[in-house]
Amino acid sequence: MSEVQFNNVTKRYGDHTALSGISLTIEKDTTTAVIGPSGSGKSTLLQLVNGLVIPDSGSVTVLGKPIDYSRLTELRAQIGYAVQGTGLFPHMSVWKNITLLAKIARWDADRIESRALLLMSTVGLPTRFRDRYPHELSGGEQQRVGLCRAMMLNPRLFILDEPFGALDPITRSAIHQEFLQLQASEPRTMVLVTHDLREAVKLASYLVILDEGRVVQYGSREEILNTPSDSLVVELLRSQLDSWGKSH
């Protein structure tokens with residue numbers, strides 16, 4: 001069963017074609033990583049999913065329905081969104097950042113409390129952090145808060161745009177483990193944009209390789225690692241995975 005489907009989608013910005021004739025199906029309850037060089041169309045692909053941009057041609061189906069651009073608030077309420085830098089509100093405490101969407105959705109206090117505490121525990125945030133502010137946290141701690149906020153409403157679909165890119169390698173590795181724990185405890189459809197193939201292989205079961213706005217290869221992690229279909233994929237494997245494999 002598909003959760004996101006791109007049907008011959010093209011998106012242009014002026015004379016630049018960001019995506020050209022993309023057709024792609026992302027299955028329910030899988031984690032799919034979108035990888036490619038800078039300018040390959042990765043972020044545009046994500047922005048099409050939550051209606052931030054509208055295709056020039058083709059269509060996008062999300063959660064079983066074509067996107068209704070007049071009702072985007074309803075769609076986005078079903079989508080968790082995490083980005084590099086977290087986008088936390090600096091004037092709000094950790095607790096208020098995490099629970100904001102649930103309060104807007106008018107959840108009762110007990111439900112908010114239990115959900116927020118569960119998420120903080122899952123990603124390794126001590127409850128004593130609830131009254132701290134973003135500037136009092138490390139980059140990794142801020143990213144954990146961002147994950148909790150994005151997951152607060154238990155969205156069917158979770159999209160992540162380079163969420164771990166600014167973290168140091170040790171913190172990034174720890175966050176990866178917590179992401180996998182979150183994935184295991186609450187299976188859902190996740191779409192992750194990253195420029196790092198190693199991160200994609202670690203976190204995702206399916207990979208989409210983009211280059212110059214086109215899908216170069218799409219398939220399971222094992223399929224792409226074992227049978228790369230294009231010279232770009234071969235080069236990605238050689239440049240990023242060879243050295244990584246020697247140390248793992």
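Taking neighbour Cβ counts within 10 Å as the exposure measure, how do Thr189, Thr25 sort from fewest upward?
Values: Thr189 23, Thr25 14.
Placing the least packed residue first, the sequence is Thr25, Thr189.
Using helices alone, I'd like the mean residue ellipticity at 222 nm for the chain: each DSSP H run of four-plus residues gives -39500 (n - 2.57), total over residue count, nearest 500.
Numbers: 10 runs with 92 residues, N = 248.
Value at 222 nm, helices only, nearest 500: -10500 deg cm²/dmol.
Applying 1/(1 + (r/R0)^6) with R0 = 45 Å to the Cβ-Cβ distance of Leu117 and Arg238 gives a FRET efficiency near 0.50.
Mean sequence separation of contacting Cα pairs (under 8 Å, at least six apart), scaled by the length of the stretch 90-224, corresponds to a relative contact order of 21 percent. Computed over the stretch 147-212, relative contact order equals 39 percent, with contacts defined as Cα pairs under 8 Å that lie 6+ residues apart. With both labels modelled 7 Å from their Cα along Cα-to-Cβ, the His176 to Leu52 distance reads 2.4 nm.
Candidate values (1) 51, 50, 34; (2) 50, 41, 33; (3) 58, 40, 34 were compared with Cα extents along the principal axes in Å computed on the shown model; the agreeing label is (1).
Each of Trp107, Trp95 has some number of other Cβ atoms within 10 Å of its Cβ, and from fewest to most they run Trp107, Trp95.
Over the chain, what is the mean sequence separation of C-alpha contacts under 8 Å (at least six apart), divided by residue count, expressed as relative contact order in percent? It would help to have the intermediate numbers written out before the result.
On the way: 448 pairs, mean separation 66.4, N = 248.
Dividing the mean separation by the residue count of the chain yields 27 percent.
Here His16, His176 are placed in order of increasing Cβ neighbour count within 10 Å, fewest first, which gives His16, His176.
With the simple spin-label model, which puts each label point 7 Å out from Cα in the Cβ direction, the Thr73 to Thr227 separation comes to 4.9 nm.
No lab work stands behind these numbers, since they all come straight from the coordinates. All values reported here derive from a predicted model rather than from experimental measurement. When we count neighbours, we look across all protein chains shown, and the Cβ atoms used for this are built from the backbone with ideal geometry, even at glycine.
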